[in-house]
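Notes follow the structure.
Bear in mind that the values in this text are calculations on the coordinates, not laboratory data. Computed from a predicted model, the values in this text were never measured in an experiment. Cβ coordinates were reconstructed from backbone atoms using ideal geometry, including for glycine residues, and neighbour counts include every protein chain displayed.
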């Protein structure tokens, strides 16, 4: 993947500040949009980033693209000035997770995910390793947005989805994670129970009228932000649009409402 041009400012990890940093205000809606590069080649990812242009600052590199192209795709995005949300959902023994986070920090990513279900020792190992890169945000995945209460019951988890999300988020924050990944349907409860001092990243966001795909707990961008989300992750509605930049701008308008 060639190094991308059109450098843009990096973000800070302030979630609610309206200060001006790197030429952009922290309340610029572009800071809250993460575009998911759920594609299989660096060339396809590069095409999306070029098409979106300056309508987004942060891109998610998940398991599909990372498995296909490896760390170089992350290096190229970082070198071009984009922020990278590395969504590999680390979940293993503490030593292994800590080592993986160290490597992710070396790549220059801005955000990464671990599974909150890994519990105390694993989460602390991730947080400690992330200190090698000041500002690196460790996010704990709570309950996948493709799951509902029936799915949790099948794997032996009692209670509602909301109960599980709050329980896992509480564990994550107690062990130093700076935020969580959760559906916006649980975001308002997380804010009410745990406050405002952490980030909530919400996948499963679809503009009104979009197909929901394999997601279950889906909300619109406006609903997600109103519920307390710090960032929203949007993939196919932008990346498969005829005009990705225009679709991203439309979503930014919904974020600003």
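Numbers below:
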{"item": "Positions within the stretch 131-164 being crowded, with 16+ Cβ neighbours inside 10 Å and under 16 Å from the mean Cα position of the chain (by Cα), in sequence order", "result": "136, 137, 138, 139, 140, 141, 142, 143, 144, 145"}
{"item": "Residue tally, condition over 15 Å from the mean Cα position of the chain (by Cα) and under 18 Å from residue 84 (Cβ atoms), over the stretch 94-130", "result": "11"}
{"item": "Strands (runs of 3 or more DSSP E) contained in the stretch 33-93 and holding at least 3 residues more than 17 Å from residue 237 (Cα to Cα) and touching a residue at least 40 places away in the same chain (Cβ under 8 Å)", "result": "83-90"}
{"item": "Options 127, 165, 180, 138; residue that is under 26 Å from residue 95 (Cα atoms), in a helix (DSSP H, G or I) and touching a helix residue (DSSP H, G or I) at 6+ places or on another chain (Cβ under 7 Å)", "result": "165"}
{"item": "Subset of the stretch 91-114 [within 18 Å of residue 202 (Cα to Cα) and in contact with a helix residue (DSSP H, G or I) (Cβ under 8 Å, 6 or more places away or on another chain)]", "result": "112, 114"}
